[in-house]
Amino acid sequence: MLPLLLVLAFLVMPVLEIYVIIQVGGVIGAWPTVGLLVAESLLGGWIVRREGRRAWRALEEALRRGVMPDRELADAALVMAGGVLLLTPGFVTDVFGFAFVLPFTRPLVRRVLSRYASRRMRAAEDRARARAAFPPGFAAGFDPFGGRGPGPGRVETPPGPVVRGEVIDEDDHPSRT
């Protein structure tokens, strides 16, 4: 589902940006629209620089205190993503970029993205649990090492993960003789 959304975003966003730029240009004129786009980029660059420094300092401080810097890492990632969006020409990407970068909207975006990521992780864990309960190809009597099940000289493979290795008996160790 996510790859389809990304493809649609890369196809739809440029068209949407051009449409919005044309609409704004029709209302305020072509040169004022270009000036507004340049001003937004300059303002966005300044804010990204300021907030990037703050995020970096907060990350360093969290690491110095020895705490897990989850919020600080999320803020740094949001500032970086917001910077990319702000430097991309267009009004729609600038709205999202400012939401990612501004200190009073970033916590809201961080919470929304955190909840989304938590839901995705739970779904992935549920899928992994379902696959582990019924691994494909492991029917009754199947031996992953090439056998066809128990027989003379064969040991039945126990259920669960199998780790190949060598058993070393402590009594037969050469240093103890």
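The values are calculated or read from the model by the stated rules, or taken from the named source; none is laboratory data. The model shown is predicted, which means the values in this text are computed figures rather than measured ones. For neighbour counting, all protein chains shown are included, and Cβ atoms are generated from backbone atoms with ideal geometry for every residue, glycine included. We work out accessible area using only protein heavy atoms, side chains counted, and drop any ligands, DNA or RNA first. Shrake-Rupley method; radii C 1.70, N 1.55, O 1.52, S 1.80 Å.
With respect to the numbered conditions (1) part of a helix (DSSP H, G or I); (2) open to solvent by less than 80 Å² (accessible area, probe 1.4 Å), which one is the sole condition not fulfilled by V27?
Condition not satisfied by V27: (2).
So which helices (runs of 4 or more DSSP H) are wholly in the stretch 40-139 and hold at least 2 residues that are more than 26 Å from G25 (Cα to Cα) and of a type in the set (A, V, I, L, M)?
Per the criteria, 70-87, 106-133.
If D143 satisfies all but one of (1) surrounded by 12 or more Cβ atoms within 10 Å (Cβ to Cβ); (2) under 37 Å from the mean Cα position of the chain (by Cα); (3) modelled with pLDDT under 65, what's the number of the condition it fails?
(2)
Taking the stated definitions as given, is E125 of a type outside the set (S, T, Y), closer than 20 Å to L2 by Cβ and open to solvent by 50 Å² or more (accessible area, probe 1.4 Å)?
yes
Regarding the stretch 110-120, can at least one residue be identified that is in contact with a helix residue (DSSP H, G or I) (Cβ under 9 Å, 6 or more places away or on another chain), open to solvent by 30 Å² or more (accessible area, probe 1.4 Å) and more than 18 Å from A9 (Cβ to Cβ)?
yes
Being in contact with a helix residue (DSSP H, G or I) (Cβ under 7 Å, 6 or more places away or on another chain), more than 28 Å from L2 (Cα to Cα) and in contact (Cβ under 8 Å) with a residue 24 or more places away in the chain is the requirement here; does I47 meet it?
Details: in contact with a helix residue (DSSP H, G or I) (Cβ under 7 Å, 6 or more places away or on another chain): yes; more than 28 Å from L2 (Cα to Cα): yes; in contact (Cβ under 8 Å) with a residue 24 or more places away in the chain: yes.
So I47 fits the description; yes.
Quick one: is P89 open to solvent by 40 Å² or more (accessible area, probe 1.4 Å), touching a residue at least 24 places away in the same chain (Cβ under 8 Å) and touching a Leu at 6+ places or on another chain (Cβ under 6 Å)?
Yes.
Among the residues of the stretch 60-82, which ones are open to solvent by less than 20 Å² (accessible area, probe 1.4 Å) and of a type in the set (A, V, I, L, M)?
Within the stretch 60-82, A62, L78, V79 qualify.
Picking from E17, E40, which residue would you name as being surrounded by 13 or more Cβ atoms within 10 Å (Cβ to Cβ) and in contact with an Asp or Glu (Cβ under 7 Å, 6 or more places away or on another chain)?
The conditions single out E40.
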